[in-house]
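Enquirer: This is the structure, below, for whatever I ask next.
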Amino acid sequence: MLDLLVRNATLPDGRRGVGIAVEGGRIVEVREGLGVDATSAPAAHEVLDAAGLLVSAPFVDAHFHMDATLSYGLPRVNQSGTLLEGIALWGELKPQLTHEAIVERALAYCDWAVARGLLAIRSHVDVCDDRLLAVQALLDVKRRVAPYLDLQLVAFPQDGVLRSPHALTNLKRALAMGVDVVGGIPHFERTMAEGAESVRLLCELAALQGRLVDMHCDESDDPLSRHVETLAAETVRLGLQGRVTGSHLTSMHSMDNYYVSKLLPLLAEARLNVVANPLINITLQGRHDTYPKRRGMTRVPEQLAIGLTVAFGHDCVMDPWYSLGSGDMLEVAAMGLHVAQMTSQAAMRQCFDAVTTAPAGILQLEGYGLEPGNHADFVWLQAHDPVEAIRLRATRLAVYRRGRRIAATPLATASLALAGRPASVDFTLVR
Ligand code: FE2
């Protein structure tokens, strides 16, 4: 007998009337028509009738800062709303952090994430505090949330691995303690040359230890910032193709078009992964502009067109850099869609991929996806397809992890329901 049978699901690839059979926390069969006839359906302890609605693999966030999340207003709010005041504010907050406070805020965020069907997060963790308080706290969180959520950690030298006195030593300590990925922030080093040097030494460290790389890279409006070029070149030199991620890459928005025409083939040669962070990029970039104001997000359609894997990350939720957000990756996808003007049907679907399959690939998640043999992790959404899911920031009717329901959100109801009209609000009616 099956543990769970999902029947009459629509999948993100457009297949309809699909059944998903689950045993021992894994998907054992996915087939159109499976379970459609209740009399011939395989026996199962639990049956979910998806009612023709979308069942997707879980949302994945490829770029987040869980050590800072939900700290908005501590010790004061960011008055200018800029990236640099945010970094300064984080510096003020760091000495006041406690292990317990970081853990409590991170666990609260993980509750939000799970309720939103967000079941895997790559979080950068600042290693510039010699106590490595945040590293210890997030390793603790990673262990505690593992039954519900995959938390992958990046050793992130927020103040610059060369600029901050003990950052390189601390970064290596963090890796030894169990942090997974090598991070960096070359545009925050003192000079362009030191930024390039930081990329070189961090990529060499990753190659030596067999680690993935994910750097905050060229997060500025500087059209002459060139760290993504160095990151791609080092990736090729060290044979790290496909294992390196450039996060933000906002300077590409402002670069000279001829230069970008030379840069893009290098990114393709390096099979560089890209993470844009639409909510943050549109908020923090272009802040020195009067009018016209640049959007600041990296060149997503052009990167997709050359075959790069591009994800949209949330980056921040209620922290020194961003006072909004709730762990809703559909909100992230919607902003990415608008900022990149990805409004064709195919491009809108790519925006859904950018918060599901693309980041899962970047994180190299094991057993991700709605295919037999993979983990029985999925989200039942109140939408008929990925585009409608983005339009509605669709309700996560149920969230499953390893075949077990771990979150549910009821349908909206309206107090204005009149006699003879249903009380539930079906935003999917207009099709
Ligand atoms: Fe970030």
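A short reminder: the numbers here are calculations on the coordinates, not readings from a lab. Remember, predicted model here, so these are calculated numbers, not experimental data. Neighbour counts are summed over all protein chains in view; Cβ atoms, including those assigned to glycine, are modelled from backbone coordinates with ideal geometry.
Enquirer: In degrees from 0 to 90, rounded to the nearest 10, what is the angle of the helix 192-209 Cα long axis to the longest principal axis of the chain?
Expert: On a 0 to 90 degree scale, this one is about 60.
Enquirer: Between Ala376, Ala88, Ser326, whose Cα lies farthest towards the positive end of the dipole of the chain when Lys and Arg beta carbons carry +1 and Asp and Glu beta carbons carry -1, centred on the Cα centre?
Expert: Checked the options; the winner is Ala376.
Enquirer: What does the C-alpha gyration tensor say about the overall shape of region 285-431? Classify as rounded when a/c is under 1.5, otherwise prolate if a/b is larger than b/c, or oblate.
Expert: oblate
Enquirer: A further question follows. Mind telling me which of Val332, Val135, Val18 comes out most flexible in a GNM of the chain, alpha-carbon contacts under 10 Å?
Expert: Comparing Val332, Val135, Val18 in the GNM, the peak value goes to Val18.
Enquirer: Mind telling me which of Leu392, Leu249, Leu153 comes out most flexible in a GNM of the chain, alpha-carbon contacts under 10 Å?
Expert: Greatest mean-square fluctuation among the candidates belongs to Leu392.
Enquirer: Shifting gears a bit: Relative to the present Cα-Cα distance, how much length would full extension add between Ile306 and Gln364 at 0.36 nm per residue of separation?
Expert: Stretched fully, the Ile306-Gln364 segment lengthens by 18.8 nm.
Enquirer: Further question: Over the chain, what relative contact order in percent results from Cα pairs under 8 Å that are six or more residues apart?
Expert: 18
Enquirer: Placing +1 on the Cβ of each Lys and Arg and -1 on the Cβ of each Asp and Glu in the chain, which of Val275, Val182, Ser344 has its Cα farthest towards the positive end of the resulting dipole?
Expert: The residue sitting most towards the positive pole is Ser344.
Enquirer: Something else now. Please name which of Gly403, Thr69, His227 has its Cα lying farthest along the dipole of the chain towards the positive end, using unit charges on Cβ (Lys, Arg +1; Asp, Glu -1) and the Cα centre as origin.
Expert: Gly403
Enquirer: Let me ask you something else. Kindly state, to the nearest 0.05, the FRET efficiency for Ser80 paired with Tyr258, given R0 = 41 Å and r defined as their beta-carbon distance.
Expert: Approximately 0.75, to the nearest 0.05.
Enquirer: Let me have the 222 nm mean residue ellipticity of the chain computed from DSSP H runs of 4+ only, each contributing -39500 (n - 2.57), with the sum over all residues rounded to the nearest 500.
Expert: Theoretical 222 nm ellipticity from helices: -10000 deg cm²/dmol.
Enquirer: Along Cα→Cβ, 7 Å out, is where each label goes; now give me the distance between the ones at Ala268 and Asp13 in nm to one decimal.
Expert: Spacing of the two 7 Å Cα→Cβ label points: 2.5 nm.
Enquirer: Please compute the length gained on full extension between Thr98 and Leu201, using 0.36 nm multiplied by the number of residues separating them and subtracting their Cα-Cα distance.
Expert: Taking 0.36 nm per residue and subtracting the Cα distance, the gain is 34.0 nm.
Enquirer: Only four residue types carry charge here, +1 at the Cβ of Lys and Arg and -1 at the Cβ of Asp and Glu. Report the dipole size of the chain about the Cα centre in Debye, rounded to the nearest 20.
Expert: Computed charge dipole of the chain: roughly 400 debye.
Enquirer: Please report how many Lys pairs in region 59-363 have alpha carbons closer than 30 angstrom, counting only residues at least 8 apart along the chain or sitting on separate chains.
Expert: Count of close lysine pairs: 4.
Enquirer: With just the Cα atoms defining each centre, how far is region 340-411 from region 254-313? Give it in Å.
Expert: Comparing the Cα centres of region 340-411 and region 254-313, I get a distance of 24 Å.
Enquirer: Now a separate question. If you fit an axis through the alpha-carbon atoms of helix 83-93 and take the longest principal axis of the Cα set of the chain, what angle between them do you get, 0 to 90°, nearest 10?
Expert: Its long axis makes an angle of about 90 degrees.
Enquirer: Test of understanding: what is the full-extension gain from Ala41 to Tyr291, defined as 0.36 nm times their sequence separation minus their Cα-Cα distance?
Expert: The span from Ala41 to Tyr291 would gain 83.8 nm if fully extended.
Enquirer: Select from Ala354, Ala270, Ala155 the residue whose mean-square fluctuation is largest in a Gaussian network model of the chain (Cα-Cα springs shorter than 10 Å).
Expert: Ala270
Enquirer: Now a separate question. Separation between the Arg421 and Arg405 pseudo-spin-labels, each 7 Å from Cα along Cα→Cβ, expressed in nm?
Expert: Placing both labels 7 Å beyond Cα along the Cβ direction yields 2.9 nm.
Enquirer: Still on this structure: Starting with the highest mean, order 36-47, 168-179 by the number of other Cβ atoms within 10 Å, averaged over the residues of each peptide.
Expert: 168-179, 36-47
Enquirer: Next question. Rounded if a/c is under 1.5, else prolate if a/b is larger than b/c, else oblate: which is region 59-363, with a ≥ b ≥ c the root eigenvalues of its Cα gyration tensor?
Expert: Note, shape of region 59-363 comes out rounded.
Enquirer: Relative to the longest principal Cα axis of the chain, at what angle does helix 133-145 sit, 0 to 90 degrees, rounded to 10?
Expert: It is inclined by approximately 20 degrees.
Enquirer: Let me ask something else about it. Please report how far the C-alpha centroid of region 45-124 lies from that of region 158-191, rounded to the nearest whole angstrom.
Expert: Here the two parts' Cα centres lie 21 Å apart.
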